[in-house]
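In what follows, a single structure is set out as structure tokens and then discussed.
The values are calculated or read from the model by the stated rules, or taken from the named source; none is laboratory data. What you are looking at is a predicted structure, and each value in this text was computed from that prediction instead of being measured. Cβ atoms come from the backbone with ideal geometry, glycine included; neighbour counts cover every protein chain shown. Note: areas computed on protein heavy atoms with side chains; ligands, DNA, RNA excluded. Shrake-Rupley method; radii C 1.70, N 1.55, O 1.52, S 1.80 Å.
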Amino acid sequence: MSSPVIARTRVDLAAARALMPGQVAVVMTMGALHRGHVQLIDVARERGDSVLVTIFVNPLQFGAGEDLDRYPRTFGADVAICADHGVDVVFAPAVADMYPPGEAVKQRHAGGLGERLEGAHRPGHFDGVLTVVALLLELTQPDLAIFGEKDAQQLALIRRMVAEDGIPTEIVGVPTVREDDGLALSSRNRYLSDAEREVALAISRALRAGEAAAGYGADAALAAARKVLDDAPGIDLDYVELVDEQTWERPSEKTREGRILVAGRVGKTRLIDNVSVVLGTQH
Ligand code: PAF
């Protein structure tokens, strides 16, 4: 496959974007691409006529003390993956090009849902995510934007923003890609030692236990997931919760589609994962 065009600035991007034919599908990433991203790119390839990947480690979505400085940066390998998977354009701007000094950034606010679950543990994170996603949508003008369900709360907030602002881009969610042993793929997995990786498997095990118990209702599903995590040493749990898939509130008696979400730290590495569940009636 041929190499993608690399656009390093907004001006380069505008020139490259103008030459992209048909329906344009964008995949937004922070680089350190893995098979999960490849799945998003493959969906973009299937659904769009042209594919644009953005690679930008967005400082606005990292809090103080988080891993902005040590976030993996693997640009050469990322471009090779893009080339292998038929990406037409890679937009990889510098921070100063995305947020020019002295120029006000149009800040987005994630509202109440942005302050719960991930947002409660990473204050301001989703404001930063929505700010960069809105800017990237404005700059790349895609017909479709593809996001992973691994970041389910992020996906829900992006869908909400796009609907509220009338942004004419279809948001497509793609199921999480997992290793054979269940570990959800993440750029942060590379921080895990072998022993930590073993410990981390309790997260996906907990989700499977919750899924298996979902027929007995939301309480049973959550209890089953929590039990696995309570019994697993080495995970510093931030939360395990079950929400209504539509409202992202606690499930009601009418809720049939739920999502169990887990976040915790293994060593210094913070991991998140989730699974959608169909709830039975015995709440
Ligand atoms: O999911 C991610 O990698 C990031 O949050 C995103 C959507 C690229 C915004 O920086």
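Here is how the numbers come out for the structure above:
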quantity: Dimensionless Rg over Rh [the chain; C-alpha; Kirkwood]; calculated: 0.97
quantity: Whole-Å distance, taken between Cα centres, linking the range 225-253 and the range 123-153; calculated: 25
quantity: Gaussian network model of the chain, Cα within-10 Å springs - most flexible of GLY114, GLY65, GLY182; calculated: GLY65
quantity: Solvent-accessible area, 1.4 Å probe, carbon plus sulfur percent, for the chain; calculated: 51
quantity: Long-range Cα-Cα pairs in the range 231-283 (distance over 19 Å), rounded percent; calculated: 37
quantity: For the chain, accessible area per residue (1.4 Å probe, heavy atoms of protein chains only), Å²; calculated: 46
quantity: Value at 222 nm in deg cm²/dmol, rounded to 500, when DSSP H runs of n ≥ 4 in the chain each add -39,500 (n - 2.57); calculated: -11000 deg cm²/dmol
quantity: Spatial separation of Cα centroids for the range 12-31 and the range 256-283, in angstrom; calculated: 33
quantity: In Hz, Karplus ³J(HN,Hα) per residue of the range 74-86 (6.51, -1.76, 1.60; θ = phi - 60°; x = Gly, Pro); calculated: 9, 4, x, 5, 5, 5, 4, 4, 4, 4, 5, 10, x
quantity: Dimensionless Rg ratio for the range 92-232, taking C-alpha atoms and the 2.2 N^0.38 Å reference; calculated: 1.26
quantity: Debye-sum result for the range 1-120 in log10 I(q)/I(0), which assumes one identical scatterer on each alpha carbon, at q = 0.11, 0.18, 0.19 Å⁻¹; calculated: -0.43, -1.05, -1.13
quantity: Cα gyration tensor of the range 56-173 - equivalent ellipsoid semi-axes, whole Å, descending; calculated: 22, 19, 16
quantity: Dipole of the chain, positive direction: furthest Cα of ALA80, TYR216, VAL278, with charges on the beta-carbon; calculated: ALA80
quantity: Calculated FRET efficiency for the pair GLU103/ALA15, C-beta based, R₀ 22 Å, to 0.05; calculated: 0.60
quantity: Cα gyration tensor, the range 85-139 - rounded (a/c under 1.5), prolate or oblate; calculated: oblate
quantity: DSSP-assigned coil residues among trypsin sites (Lys or Arg not before Pro) in the range 206-283, each with at most 15 further Cβ atoms within 10 Å; calculated: LYS254, ARG256, LYS268
quantity: Lysine pairs in the chain with Cα atoms under 26 Å, if 8 or more residues apart or on separate chains; calculated: 5
quantity: VAL177 long-range amide H proximity, modeled H, under 5 Å; calculated: LEU185
quantity: Relative intensity, log₁₀ I(q)/I(0), of the range 172-283 from a Debye sum that treats every alpha carbon as a point, q = 0.16, 0.22 Å⁻¹; calculated: -0.69, -1.16
quantity: Whole-Hz couplings from phi, Karplus 6.51/-1.76/1.60, listed for the range 238-254; x for Gly and Pro; calculated: 8, 6, 9, 9, 10, 10, 5, 4, 7, 9, 6, 9, 4, x, 9, 5, 8
quantity: Label zone at ARG197, where the point sits 7 Å out along the Cα-to-Cβ direction: the range 36-68 residues whose backbone N lies under 19 Å; calculated: 36-38
quantity: Point-charge dipole on Cβ atoms (K/R +1, D/E -1) for the chain, about Cα centre, debye to 20; calculated: 200
quantity: Loop-located GluC sites (Glu not before Pro) in the range 202-283, at most 15 other Cβ atoms within 10 Å (DSSP); calculated: GLU249, GLU253
